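Colleague: Structure in C-alpha cells, see below.
The values are calculated or read from the model by the stated rules, or taken from the named source; none is laboratory data. These numbers were taken from a predicted model, which means no experiment stands behind them. When we count neighbours, we look across all protein chains shown, and the Cβ atoms used for this are built from the backbone with ideal geometry, even at glycine.
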C-alpha cells in the first residue's frame, strides 16, 4: 500500500470520530440554545416568521464557527468539548446582552421584527469570530 493510502487509512477513523463529535456538539448546543431562549424558534419558523429564522441561523452559525476552529486546533476530543461549551455559553451571554440593549428581544422576534433579528445574528457571528480567532495557536501556526 502506498504512503498516501496508508496515511488515509490511518487518519480516516480519526477524521470521522472528530467530525461526528463536532457535528453532534453543534446539534446538542443548538438544541440547548433553542430550549433556553424564551421564544420558540421552530414554531415561529413554521408560521413564517423570518426574524426567528435569522436569529436561529445566527445562533447556529455563531456556535459552528468556534466549534470548527476548535476542531481544527484541538489536541483531544475533551479539548473540543470544552471549547464547544464555551461557545454555547458565549452565545447565551450575547443573546442576553442584545436583549438588554434592545429591550424585550423575545417580543420583537415574535413580532417578526427583522432589524432586531439581524442585529442579534450579527452580534452572535461577530462574537463567534472573535472566539474562533482566540483559539488560534501561533505555536502550531494553524487555526
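Colleague: The conditions are (1) in contact with a helix residue (DSSP H, G or I) (Cβ under 6 Å, 6 or more places away or on another chain); (2) over 17 Å from residue 35 (Cα atoms); (3) assigned to a helix (DSSP H, G or I), and residue 101 fails exactly one of them. Which is it?
Modeller: (1)
Colleague: While we're here: Going through 70, 31, 37 one at a time, which residue ends up being at pLDDT below 90 and over 17 Å from residue 129 (Cα atoms)?
Modeller: Values: 70 fails: over 17 Å from residue 129 (Cα atoms); 31 fails: at pLDDT below 90.
37 is the lone residue from the list that is at pLDDT below 90 and over 17 Å from residue 129 (Cα atoms).
Colleague: Which members of segment 97-122 meet the condition of being surrounded by 19 or more Cβ atoms within 10 Å (Cβ to Cβ) and either without any contact (Cβ under 8 Å) to a residue 24 or more places away in the chain or within 13 Å of the chain's Cα centre (by Cα) (or both)?
Modeller: Of everything in segment 97-122, those that are surrounded by 19 or more Cβ atoms within 10 Å (Cβ to Cβ) and either without any contact (Cβ under 8 Å) to a residue 24 or more places away in the chain or within 13 Å of the chain's Cα centre (by Cα) (or both) turn out to be 105, 119, 121.
Colleague: Going through 85, 34, 27, 94 one at a time, which residue ends up being crowded, with 18+ Cβ neighbours inside 10 Å and within 16 Å of the chain's Cα centre (by Cα)? Working first, answer last.
Modeller: Numbers: 85 fails: crowded, with 18+ Cβ neighbours inside 10 Å; 34 fails: crowded, with 18+ Cβ neighbours inside 10 Å; 27 fails: crowded, with 18+ Cβ neighbours inside 10 Å.
Checking each option against the conditions leaves just 94.
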